[in-house]
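Accompanying notes for the structure given below.
The values are calculated or read from the model by the stated rules, or taken from the named source; none is laboratory data. Note that the structure is a prediction, hence the values are computed from the model and not measured. All Cβ positions, even for glycine, are placed from backbone atoms using ideal geometry, and neighbour counts span all protein chains on display. All accessible areas refer to the heavy atoms of the entire protein, side chains included, with ligands and DNA or RNA removed. Shrake-Rupley method; radii C 1.70, N 1.55, O 1.52, S 1.80 Å.
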Amino acid sequence: MTGENKKSKLINALPYCAGVIISFLIAFHIRTIPKAGVFLSNGFVRFGGNDPWYHLRNVEAIIHNFPNMLWFDAYTQYPSGQDQVFAPLFDMVLATIIWILGLGNPSQDLINNVCAYYPSVLGALVVIPTYFAAKFVFDRRVGLLAAFLVAISPGQMLSRSMIGFNDHHIAETLLSTLTAMFLIIAVKKARDYDITFENIKNKNFDTLKPALPYFILTGISLGAYILAWKGALFFSFIIGVYITTQHIIDHMHKRSTDHLAIGGMIIFTFALLVVLLTPHLGGTKALNIKGLFAGIIAFPLLTLISIEINKRKLEKYYYPLSIVALSIAVIILAKALSPSSYALIASLATYFVRTGGGTTIAEASQLLYQGGVFTLKPLWYNFGPAVYIALIAFLMLAYEVITKKNTQEKTFLIVWTVMILWATLQQNRFAYYMSVNIAILAGYFGIRLLEFGDWNTFIPNFKSKIRSTADLPEIVKVINIKHILSALLVFLILINPTYSLAMQQSQGVGGPGGQWLEAVGWMRYNTPDPGISYYENYPIPPAGETFQYPDTAYGVMSWWDYGHWIEVIGHRIPNANPFQSGIGGRSQSLDEENRPGASTFFTAPSEEEATAVLEAVHPDPNKAGARYIVSDVEMATGKFYAMTAWTLDTANYYIPVQTSQGTQNVPGPRYFNSMEAQLHIFDGNGLKQYRLVHESPAGYSAEVGYKSIYNQLFGGSIPETNTGYVKIFEYVKGATIKGTAPENETVTIGTTIRTGQGRTFEYTQTMPGGEFKFTVPYSTEGPVPGQTQFDTKPIAPYTISYGNTTTEVRVNEMDVLEGKTIVVN
């Protein structure tokens, strides 16, 4: 290429480079709009969702122990701790960037700020591989439009890369798209050269050299993707399906398949090397090694079968039949000889299928079903009009692949799209992958529409007639009505509604509200230190053993959604967390044992059964699984059904009631008897070993409605007001108060409790006369040093009453904590 040609090529590329840069800046701008909701006025940084908090936890641990990853976390899932759940790359790269920016000693502000912006940068970077992937499948015009469309994509693609949503999901999108981009370039390069096993055998590598760097980069990108997400075997499977499909297509068209086998082997070999060089990936390391190794063996075998069928001059259709027969044989042999290999194969069929309580995980629910009802609304939310335009483009592309030759890269786009679509329909979270495919396909359709409007002739005409600013009036001779109408159509049906949707959705990032921040902040500074270091990298316990906690350690029982907030903001050890650990319940049928955990605790029908669950959580019968219980109003209302779903026993918590608006399901006796209702709706009134120690400010919720139903249908008389949005209870031994009363009397003990918010409620217990014995959880004398510094307490001594007799009883804190007995004369 001459110097003049290079200059011309560079000049022609400049508008597209500028377009990609502009797309990047637009993407970054959209994702950082709600920064005021992330960087709070008090200096606190509020990350969105649940998992971003655990990524902050990992980053902090790496920086305090640089460059070591937190492979075992003793600060979650009490009383066992938990091996690292996330793949390491996302946090290691982020921590390294922060460590360098902080010159080896970054401040907490720097850590928080970089973590907050990191997902927005990654989300904006997705436009680059999207551009090149679309460019090499179609052309750079499609690439530019696809890059712009992915920059303004709404839905999961946007929400997973918003400022403050510091999660690895957007890294999955970036690295999977990068892998696809390199693969597309590689197959295009390989198609133009005679890459064969024979040439390699004869040490003739000249035909391999042009494609080799891209095959290697595909493998490295795939390896990086595996290090960013433990479920990354999924994209290896997509590549395997593509190579198998392309083998069949090339064989049926009497083309050599050698380049596919060689390329596939190179890709999977380099990905395998990346995985093997990584010290820890948990159980998924072996899974990925097996999957990649299987591909390395399978790809040349597919080519060998093609060669043998051609050599024996058998009918072409024998080839796909042979592959099917071979696949069935492999499955049968794996089942008979290698259970682990069979489990790997079987897992692919149910890779994204959830059952039981798993169906209540929002991001894992089916895309087109909401509350069990089929709906197309999620398509518009996640993709806008682009999804329908992409469908048309997909059909156009499929026709082109069927009717034309040399479309390997287009075949990959079809396979890639179909597989991602399948995953997205199973679990809506994969919409953030699908946005890239939608953008490429919609970009393809948009450019074809502009071509229909003669825009392919506009640029040459523009260049020939507009050579300086003085020629600008001549532009009216270049633009015609078809140009205007086609551009307007693309803008109105594709760009404008997609951008508007993204702007509507970019106003917030979620995460813990003010009540939760207040509650876990209170817990951090007003409850005893657990006695283990938050930043310490404790070694992974040997196989068959659990982490040995000191006697000062304790758990905090709450619903799994809130485990990371309790750990990272409150610096306390949750029993359950968003890794779906510590939930308990059942997984298959009601015949199973209801395992101890959060679901069984909060749905327990009595205090005694709830306490049995709490104590069963800890393997030591002399220790409780948790000391504190944290409830919020969502657990008591909308999320309560999820708790029952994890136990597989959902019947009769809600009952049908006839109203003026027809039959409605409302909370019934089984709900109001549950431990969650006893704690949050009734403030723990009458419970013997659970006391409210703190409540956050109230918030608007369905709490009043639940209380109204209880009063109207079940004869209650509780105040119909919103109380603390988050409530913290403490599980204590309780002080025992003993005495004697006439047999024919009813004995009542009670006191008035005032919370830190100034709200008061009555605490009472009753029992028949004779020898009575009450166990009470509140001390009347206030907190003691080294224990819970509660702000919710009685405003007066307990009053024991029967007949005309009343007696006041004071109970100190150690009586409650040590379970002492007080005798009333």
Dipole of the chain, positive end: most advanced residue of S486, G19, V275 [Cβ charges, Cα centre]: S486
Distance violations [Cα-Cα > 32 Å] among K201/K254; K254/K482; K285/K311; K201/K230; K377/K404; K727/K773: K254/K482; K285/K311; K201/K230; K377/K404
Viscosity 1.567 mPa s, temperature 4 °C, Stokes-Einstein D of region 675-727 from Kirkwood C-alpha radius, µm²/s: 112
Degrees, to the nearest 10: 496-505 long Cα axis against longest axis of the chain: 30
Loop sites in region 204-305: trypsin sites (Lys or Arg not before Pro), DSSP, at most 11 other Cβ within 10 Å: K254
Extended-chain gain in nm, criterion 0.36 nm per residue less alpha-carbon gap, E745 and E808: 20.9 nm
Cβ crowding within 10 Å averaged over residues, with 366-377, 696-707, 510-521 ranked highest first: 510-521, 696-707, 366-377
Between region 589-646 and region 728-758, the Cα center-to-center distance that results, in Å: 24
Modelled FRET efficiency - R0 56 Å, E451 with Q507, Cβ distances, 0.05 increments: 0.95
Where labels lie 7 Å past Cα in the beta-carbon direction, separation of T96 and V704 in nm: 5.5
Carbon/sulfur fraction of accessible area - the chain, other protein chains in place, 1.4 Å, %: 60
Length added when fully stretched, S587-Y641, from 0.36 nm per residue minus Cα-Cα: 17.9 nm
Structure-derived volume of the Cα convex hull per residue in Å³: which label, when the choices are (1) 236; (2) 538; (3) 219: (3)
Spin-label model distance (nm) - T760 vs A543, 7 Å beyond Cα toward Cβ: 6.3
Interchain or long-range residues, amide H under 5 Å from H694's placed H: I728
Per-selection Rg to Rh, region 499-611 - Cα, Kirkwood hydrodynamic radius: 1.06
Estimated Rh, region 732-825: Kirkwood, alpha-carbon pairs, angstrom: 13.7
Sequence-distant aspartates and glutamates (8 or more away, or on other chains) whose Cα lies within less than 16 Å of K688: E607, E608, E609, E615, E676, E730, E762, E813, D815, E818
Degrees between helix 481-490 axis and first principal axis of the chain (Cα, 0 to 90, nearest 10): 30
Virtual spin-label span in nm between K316 and I532, 7 Å along Cα→Cβ: 6.3
Nearest 10 degrees, 0 to 90: helix 283-311 Cα axis against the chain principal axis: 30
For peptides 137-150, 578-591, 385-398, sequence by mean Cβ density within 10 Å, most packed first: 137-150, 385-398, 578-591
³J(HN,Hα) computed for each position of region 758-768 - Karplus, 6.51 cos²θ - 1.76 cosθ + 1.60, integer Hz, glycine/proline x: x, 7, 10, 8, 9, 10, 9, 9, 9, 7, x
Residue-span extension gain [F197 to W422] - 0.36 nm each, minus C-alpha spacing: 77.5 nm
Under 17 Å from the Cα of K410 - lysines, other chains or at least 8 residues apart: K135, K188, K189
Region 1-70, dipole about Cα centre (Lys/Arg Cβ +1, Asp/Glu Cβ -1), debye to the nearest 20: 220
Separation of alpha-carbon centers, region 410-444 and region 282-328, rounded to whole Å: 25
MRE, 222 nm, helices only [DSSP H, n ≥ 4, -39500 (n - 2.57), over the chain, to nearest 500]: -16000 deg cm²/dmol
Two-site FRET efficiency, S327 against I484, from Cβ-Cβ distance with R₀ of 41 Å, rounded to 0.05: 0.15
Surface accessible to a 1.4 Å probe, per residue, for the residues of the chain, Å²: 43
